[in-house]
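Report on one structure; see the data block that follows.
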Amino acid sequence: MLTSLTTVWNRVFALLGRVSMYRVVYVSLAALAVIALVLSLFDLVGPDPLELVVTLAVLAAVCVGVDAAAQRVLNLPWRLESSLITAHILLFVLSPTLDLIGLAGIAVAGAAASASKYLLAWRGRHVFNPAAVGATILTILSIPWPALGSSAWWVGTPALAAPVMVLGLAVLWRTEKIRVVAVFLVIAVAVFVLRSSAQLSALGAPVELGALLTQAVFSSPYLFLGAFMLSEPLTLPPRRWQQFTVAGIVGFLAGWPIPVGDMSLGQERALLIGNAVAFAFALRTAVRLTLASRAAPTPTVQELTFRVQDRLSFVPGQYLELEVPHPHPDARGTRREFSIASAPEDLPLLRVAFKDGTSAKPQSSFKKALAAVGEGERLAITGVWGDFVLPKRDAAPILMVAAGIGVTPFVSQLRHLRATGEDRDIVLVYVASDASELAYRADIEASGVPVLVFTRDRPADLPPHWTWARGVRLDAEGLVRIVPDIASRHAYISGPAGLIADLAPALERARSITTDAFSGY
């Protein structure tokens, strides 16, 4: 059963990975808006069709206008999708209307949301979820001026529950935040049920747990809040345990709104507190890099060495998100994730690597733009994330499985172990199309770990502790054959999601499995 789930997970991730995370979020929200419009024709949701259309038009115009103006003043790349995502989220959080004063309030919320990306920011990164900021400011303004309206979260209705689940799942699958949002949902629903049960009992009313559970899941905004707002990577801390902590805090505060003066500490305010906790965990900064040099470790792999201009810390095995602004980006956008190939001890130099395009597979607009970056030019990384890190216990035996350029996080880890003098029981299985595509041979050889090589042709001059698989096919059966003690090892695999799916039956035998799937650039 676990093997099947791992296989399905990685097959779907490979499919969704063809589109940028931001495009998946925008398309999902746009689809949800269309569904809501259709449902409104049959009076299955609160707003009527014209209210939805007009409100979205106002929000889109304001968010796009404010973002465009701010980005022009600050000389930043224009991100239309970001503006439209904010507008669509606010459509479902605020109360759509045709009233002119109400539309003015909606415009204020949209402007505040977009402005918060630049005013409530730290070194180029916004601290709070923009839509939550906009909704909160409008709610505060509605205390002296009720006609402006406030947050309504009308998305929490049974008619939209199924679409939110399906489209939200696509977003969470792409952002790899299913477990984090699951923690939020379990806590939010449990707290809501406990709170409602206590209130009903105090009033002497009967308590029906089934009805309360149904209400919490299908008639509350928890699904939407978790899938489309809490899951935003830019306002989550880098490590998974930190993300779970934030999810728990937001879940508790969302499930048990606390009165604060004339308003309650409801959904969006709960999220803002979670954002603040996330910011305290790790100050998210835009780190400036200068391209120092280029190299070609293999005929199809490019390595970039940057000099870091700001303070940066990372754990070997983590990845960064690199932004390369360029005109007319394709569906994958202007940002990409790269595993760090250097060790923390190599700073201020930082290395990443990527595979060149081929004639059979045209290059993305991002890769073309990255190829045009010259030495001395500056770029920025938007943060460092990931839990693809080795276990803390030195005695834990480890299996590393790398496919092609997926070897980069292992190179970072092996360089770190060598620099710190740590001796660990590690076996590396290295898969490449042919011997010429074995990147970072010198780094891996210097680590001294045993390496099992899978290539079509026999590599020349293999070190004594390297072994060519001699035509053994790397599938689940082949992996068990060459690593007979896999059950005693913690397995780490980095490579295409399809390979991870193929090896799932063998990897499930390991003591644990940690994956780092990617789908190309």
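The values are calculated or read from the model by the stated rules, or taken from the named source; none is laboratory data. Note that the coordinates shown come from a computational prediction; the quantities given were computed from them, not determined experimentally. No Cβ is skipped: glycine too gets one built from the backbone with ideal geometry, and neighbour counts run over all protein chains shown.
Taking helices (runs of 4 or more DSSP H) as the structural unit, those lying wholly within the stretch 80-197 and holding at least 3 residues that are surrounded by 16 or more Cβ atoms within 10 Å (Cβ to Cβ) and of a type in the set (Ser, Thr, Tyr) correspond to 80-93, 100-119.
Screening the stretch 452-471 for residues that are among the β-branched types (Val, Ile, Thr) and either under 28 Å from LEU304 (Cβ atoms) or buried (at least 20 other Cβ atoms within 10 Å of the Cβ) (or both) and picking the one that is modelled with the highest pLDDT gives VAL453. For the residues SER412, SER433, the requirement of being within 21 Å of ALA341 (Cα to Cα), among the small types (Gly, Ala, Ser), assigned by TED's automatic domain parsing to the domain that holds GLY498 and assigned to a helix (DSSP H, G or I) singles out SER412. If only residues of the stretch 315-349 that are polar (S, T, N, Q) and not in a strand (DSSP E or B) are counted, the one that is modelled with the highest pLDDT is SER342. Of LEU167, LEU194, LEU203, all but one fail to be more than 25 Å from TYR22 (Cα to Cα) and at pLDDT 90 or above; the exception is LEU194.
Among the residues of the stretch 369-385, some residue qualifies, meaning at least one is of a type in the set (Ser, Thr, Tyr) and in a strand (DSSP E or B).
On inspection, ARG79 qualifies as among the charged types (D, E, K, R) and under 25 Å from the mean Cα position of the chain (by Cα). Here is the figure for the stretch 198-209: residues that are assigned to a helix (DSSP H, G or I) and of a type outside the set (Gly, Ala, Ser) total 3. Has the stretch 469-492 got at least one residue that is under 24 Å from SER436 (Cα atoms) and of a type in the set (S, T, N, Q)? No: the stretch 469-492 contains no residue that is under 24 Å from SER436 (Cα atoms) and of a type in the set (S, T, N, Q).
Table: residues versus (1) buried (at least 22 other Cβ atoms within 10 Å of the Cβ); (2) acidic (Asp, Glu); (3) at pLDDT 90 or above; (4) over 17 Å from PRO237 (Cα atoms).
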{"residue": "PRO257", "(1), (2), (3), (4)": "no, no, no, yes"}
{"residue": "GLY261", "(1), (2), (3), (4)": "no, no, no, yes"}
{"residue": "ALA270", "(1), (2), (3), (4)": "yes, no, yes, no"}
{"residue": "ILE273", "(1), (2), (3), (4)": "no, no, yes, no"}
{"residue": "ALA282", "(1), (2), (3), (4)": "no, no, no, no"}
{"residue": "ALA295", "(1), (2), (3), (4)": "no, no, yes, yes"}
{"residue": "THR298", "(1), (2), (3), (4)": "yes, no, yes, yes"}
{"residue": "GLU303", "(1), (2), (3), (4)": "no, yes, yes, yes"}
{"residue": "SER313", "(1), (2), (3), (4)": "no, no, no, no"}
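Residues in the stretch 26-47 that are surrounded by fewer than 16 Cβ atoms within 10 Å (Cβ to Cβ) and free of Cβ contacts under 8 Å to residues at least 24 places away in the same chain: VAL34, VAL38, LEU41, PHE42, ASP43. Applying the set (1) farther than 24 Å from LEU507 by Cα; (2) out of contact with any Phe, Trp or Tyr (no Cβ under 8 Å at 6 or more places or on another chain); (3) touching a residue at least 12 places away in the same chain (Cβ under 8 Å) to ARG458 leaves exactly one unmet item: (2).
Confirm whether LYS392 is at pLDDT below 85 and not assigned by TED's automatic domain parsing to the domain that holds PRO329. If you could, list the steps in order and put the result at the bottom.
On the way: at pLDDT below 85: yes; not assigned by TED's automatic domain parsing to the domain that holds PRO329: yes.
Taking the combined requirement at face value, the residue satisfies it.
A search for C-beta distances below 6 Å between a residue of the stretch 163-191 that is within 23 Å of GLN215 (Cβ to Cβ) and outside the structural domain of GLN267 (by TED's automatic domain parsing) and any residue that is in a helix (DSSP H, G or I) and not charged (D, E, K, R), counting only pairs 6+ apart in sequence or on different chains, returns nothing.
Looking only at the stretch 420-451, residues that are surrounded by fewer than 20 Cβ atoms within 10 Å (Cβ to Cβ), hydrophobic (A, V, I, L, M, F, W, C) and closer than 14 Å to TRP468 by Cα come to 2 in all. Could you please give the count of residues in the stretch 202-245 that are free of Cβ contacts under 8 Å to residues at least 40 places away in the same chain and buried (at least 17 other Cβ atoms within 10 Å of the Cβ)? Matching residues across the stretch 202-245 total 4.
Quick check: is even one residue across the stretch 142-154 aromatic (Phe, Trp, Tyr) and on the phi > 0 side of the Ramachandran plot?
Going residue by residue through the stretch 142-154, those that are aromatic (Phe, Trp, Tyr) are 145, 153-154.
Those still in the list that are on the phi > 0 side of the Ramachandran plot too: 153.
Within the stretch 142-154 (the criterion being aromatic (Phe, Trp, Tyr) and on the phi > 0 side of the Ramachandran plot), the answer is yes, since at least one residue qualifies.
If I ask for residues that are within 30 Å of PRO325 (Cα to Cα) and in contact with a Phe, Trp or Tyr (Cβ under 8 Å, 6 or more places away or on another chain), which ones from the stretch 41-71 would you list?
Of the residues in the stretch 41-71, the ones within 30 Å of PRO325 (Cα to Cα) are 56-71.
Scanning the stretch 41-71 gives ASP67, ALA68, ALA70, GLN71.
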